[in-house]
1. Kindly give the semi-axes, whole Å and largest first, of the ellipsoid equivalent to the stretch 92-197, taking each as the square root of 5 times a Cα gyration tensor eigenvalue.
2. Mean separation of Cα pairs under 8 Å and 6+ residues apart, divided by the residue count of the stretch 73-122: what relative contact order is that in percent?
3. How far, in nm, would the chain grow between residue 221 and residue 77 when pulled straight, counting 0.36 nm per residue and subtracting the alpha carbon separation?
4. Two decimals is fine: what is log10 I(q)/I(0) at q = 0.18, 0.31 Å⁻¹ for the stretch 73-122, from a Debye sum with one equal scatterer on every Cα and no solvent?
5. What is the calculated FRET efficiency for residue 111 to residue 88, with r their C-beta to C-beta distance and R₀ = 30 Å, to the nearest 0.05?
6. At 7 Å along Cα-to-Cβ for each site, give me the label-to-label distance between residue 207 and residue 183 in nm.
7. Which FRET efficiency, nearest 0.05, do residue 131 and residue 152 yield, Cβ-Cβ r, R0 22 Å?
8. What does the extension gain come out to for residue 119 and residue 104, with contour length at 0.36 nm per residue minus their alpha carbon separation?
């Protein structure tokens, strides 16, 4: 049998729990518990409530400074020291000489306003030809001494070295023949400084001799230094 007394007791309890009075009491109890936690210094809720928000830092700006040195930038206008020039050519009969100059620094930019080295200039053929000949004479005197020393070096090499000495002797004979003629022309040119036309007439002969002597030098350089 169903126990009517128990059913009635449960029903009364449900009515009490859901009644406005009971709800008000629960709200009051909850408010009291919250006030107690707020007053407690160790309360987790109080720490969350009273803690300050973290300070937001503004983003750091990185500023790249431009280099103050103009040479550090690629594409600067070329200066005179960016050029490399060949030696001046032989002074011509028109009393002028030229040379070739090129930009050797590729980091610069050749513009219309870039300074350029002189690539032609006036000269005196009257004066330059004797100077040119004297310069050649100095070089070829040193070359003849080198030929003599090379032959001496081959002597200790016995019969094998004799073949090298014979080659040097043959080249040296041609060299001395042309060199003696060149010395004679040089003496004539020095005495013709007041007659430009005669100096010009000698120029072709001089140039021809210079080429022949250069050929004998190349022949000497090609001779082996060891003949074992």
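1. They are 41, 26, 8 Å, listed from largest to smallest.
2. That works out to 48 percent.
3. Result: 47.4 nm gained on full extension.
4. -0.60, -1.12
5. Using R0 = 30 Å, I get an efficiency of 0.70.
6. 2.6
7. Calculated value: 0.10.
8. 3.8 nm
Computed from the coordinates by the stated procedures, all read-outs in this text should not be read as laboratory data. As the structure is a computational prediction, the values presented were derived from the model and not from experiment. Quick reminder, even Gly has a Cβ in these numbers, built from the backbone with ideal geometry, and neighbours come from all protein chains shown.
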